[in-house]
Amino acid sequence: HRDLIGIGQLERHEILFLLDEAEQWVRLNRQASKHENLLSGLTVINAFFENSTRTLLSFEIAGKRLGADVVNMHAAQSSVKKGETLIDTAITLNAMHADAIVIRHGSSGATQLIADKVDCPVLNAGDGQHEHPTQALLDALALRHALRDRGEASEDFTGLKIVICGDILHSRVARSNLLCLHALGASVRLCAPPALMPAGIEAMGAEVYHDFDAALDGADVVMMLRLQTERMSGQFIPSAREYHHLYGLTKKRLAQAAEDALVMHPGPMNRGVEIDSEVADMIDRSIITRQVEMGVAIRMAALDVLTRRSRCVDGWGAAA
Ligand code: CP
């Protein structure tokens with residue numbers, strides 16, 4: 001079977017294929033009746049070892065809209081709390097004959113560890129600081145739709161200057177987005193305080209900035225990330241006020257970007273820290289709620305494509 005562990009494992013044409021597949025689900029999700037039965041009879045297990053609002057709910061909604069039986073395992077109420085290992089948990093889920101397992105875990109590599117132990121496709125819903133592939137795909141789809149609405153549609157993002165600003169060091173969203181946006185032709189500028197920028201990230205094709213105003217100059221898209229204080233140990237943690245002063249996206253700061261620059265945030269937002277409400281809520285510029293909308297469609301596409309082999313349907317998921 002084929003898994004979705006990271007954007008790093010996808011070819012450019014596979015990224016575009018998943019985005020194209022999601023378009024039918026964007027249309028379905030906008031209808032009054034949103035039900036399909038492609039995955040009827042299949043069981044999807046969402047195993048979340050870390051908190052989530054958007055990812056968990058959208059995977060659950062995606063599976064249900066495709067007709068699957070969806071079961072959520074919350075680690076806080078599971079036998080993980082009684083000392084069961086991740087591998088034993090994986091073997092247990094596998095014995096229940098799941099047809100797809102969606103995992104979120106606090107450790108980088110945990111999703112791959114589970115994928116190596118189970119017989120069905122595994123979808124990474126975020127593993128530590130490693131990757132969050134469906135987030136990057138939904139971000140690309142939201143951006144594609146926003147550009148299309150402005151009549152600027154193109155096959156990819158060639159020529160776009162995209163700033164990702166925030167706690168890059170701890171961000172799986174930044175890593176997946178860098179890989180995805182770079183594969184689709186965009187120039188990606190990463191901006192963070194020096195202590196929150198991973199060493200050597202330039203090798204992944206990013207331009208590195210520590211001065212937010214310089215990074216914003218002429219940018220077409222500004223993606224803001226929160227400080228992941230839950231993953232910080234030993235680093236200098238700036239106060240919310242200091243951080244906002246240097247790296248917060250205000251309306252005044254946004255004026256340094258391109259005239260109609262789009263604003264993105266994967267959520268959850270800390271309003272008044274990395275982004276001001278008057279920017280987050282700009283109707284013509286902020287596509288934050290559109291990102292959430294696209295999350296359901298992308299997860300429907302991923303579940304459909306990855307279960308094609310078990311459904312004996314030809315396609316991307318049937319390969320390998
Ligand atoms: N963007 C994102 O992963 O949000 P959740 O943590 O709420 O799932």
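Name the single residue that is farthest from the ligand (Cβ to nearest atom) among those in segment 98-109 being surrounded by fewer than 21 Cβ atoms within 10 Å (Cβ to Cβ) and of a type outside the set (Ser, Thr, Tyr). Reasoning before the result, please.
Within segment 98-109, the first condition is being surrounded by fewer than 21 Cβ atoms within 10 Å (Cβ to Cβ), and the residues that meet it are 106-109.
Next, from what is left, pick out any that are of a type outside the set (Ser, Thr, Tyr): 106, 109.
Details: 106: 12, 109: 18 Å.
Of everything passing the filter in segment 98-109, 109 is farthest from the ligand (Cβ to nearest atom).
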query: Which one of the conditions (1) among the small types (Gly, Ala, Ser); (2) within 16 Å of the ligand (Cβ to nearest atom); (3) in a loop (DSSP other than H, G, I, E, B) does residue 63 fail to meet, given that it meets all the rest?
result: (3)
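Please list, ordered by residue number, the strands (runs of 3 or more DSSP E) wholly in segment 103-221 having 2 or more residues that are within 16 Å of the chain's Cα centre (by Cα). Please lay out each step first, then the result.
Values: elements: 122-127, 161-165, 187-191, 207-209.
So the answer is 122-127, 161-165.
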- request: Considering (1) part of a helix (DSSP H, G or I); (2) touching a residue at least 40 places away in the same chain (Cβ under 8 Å); (3) within 16 Å of the ligand (Cβ to nearest atom), say which one residue 89 fails and leave the rest.
  value: (3)
- line: Considering segment 287-315, residues that are open to solvent by 10 Å² or more (accessible area, probe 1.4 Å) and more than 15 Å from the ligand (Cβ to nearest atom), and then whichever is farthest from residue 134 (Cα to Cα), we arrive at 312
statement: Residues in segment 152-188 that are surrounded by fewer than 22 Cβ atoms within 10 Å (Cβ to Cβ) and within 18 Å of residue 216 (Cβ to Cβ) total 4
message: Based on this model, can you work out whether residue 230 counts as within 25 Å of residue 282 (Cα to Cα), open to solvent by 20 Å² or more (accessible area, probe 1.4 Å), out of contact with any helix residue (DSSP H, G or I) (no Cβ under 8 Å at 6 or more places or on another chain) and free of Cβ contacts under 8 Å to residues at least 24 places away in the same chain?
response: no
query: From the set of residues in segment 7-60 that are of a type in the set (Ser, Thr, Tyr) and away from the ligand (no atom under 13 Å from the Cβ), which is surrounded by the most Cβ atoms within 10 Å (Cβ to Cβ)?
result: 43
message: I need every pair where a residue in segment 54-73 that is without any contact (Cβ under 8 Å) to a residue 40 or more places away in the chain and over 14 Å from residue 103 (Cβ atoms) has its Cβ under 7 Å from the Cβ of a residue that is among the hydroxyl-bearing types (Ser, Thr, Tyr) and open to solvent by 60 Å² or more (accessible area, probe 1.4 Å), sequence separation at least 6 or different chains.
response: 67/40
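The values are calculated or read from the model by the stated rules, or taken from the named source; none is laboratory data. Note that the coordinates shown come from a computational prediction; the quantities given were computed from them, not determined experimentally. Because the Cβ atoms are built from the backbone with ideal geometry, glycine has one as well, and the counts that use them run over all protein chains shown. Side chains included, ligands, DNA and RNA excluded: accessible areas come from the protein's heavy atoms. Shrake-Rupley method; radii C 1.70, N 1.55, O 1.52, S 1.80 Å.
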